[in-house]
1. If you scan the stretch 50-96, which residues turn out to be crowded, with 17+ Cβ neighbours inside 10 Å and closer than 16 Å to LEU5 by Cα?
2. Can you tell me which condition LEU13 does not meet? The list is (1) surrounded by 15 or more Cβ atoms within 10 Å (Cβ to Cβ); (2) within 13 Å of the chain's Cα centre (by Cα); (3) of a type in the set (A, V, I, L, M); (4) more than 25 Å from GLY74 (Cβ to Cβ), and all the others hold.
Amino acid sequence: MLIGLIADTHGYLDPRVPPALKGVELILHAGDIGTEGVLIALASIAPVTAVAGNNDANLAQLGLPLRVDMELEGVKLHLVHRLIDAAPGSGTRIVV
């Protein structure tokens, strides 16, 4: 599985990002998204899983979690923006 990873867009999606993420099956955004438009643009490339960063209070209506635990192809992954919010579960192999 090809995964795209991005963070700290702060409301701006650099025009180099879509070509760089071409062909990914999933995009992980590790917070400080900035605007809903960034998530919409990324979702036009591939499904997006995102967490809230410390600068995402303006996106409260989206209900983004502080952390997400997921399993991808048998590998447990913990997605978080700030180290202080990290709480990886047992068996986690990747922390973003």
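No lab work stands behind these numbers, since they all come straight from the coordinates. This structure is a prediction, so every number in the text was calculated from the model and none was measured. Heads up, the Cβs are rebuilt from the backbone with ideal geometry, glycines too, and the neighbour counts pull from every protein chain shown.
1. Correct list: ALA50, VAL51, ALA52, GLY53, ARG67, LEU77, HIS78, LEU79, VAL80, HIS81, VAL96.
2. Condition (2) is where LEU13 drops out.
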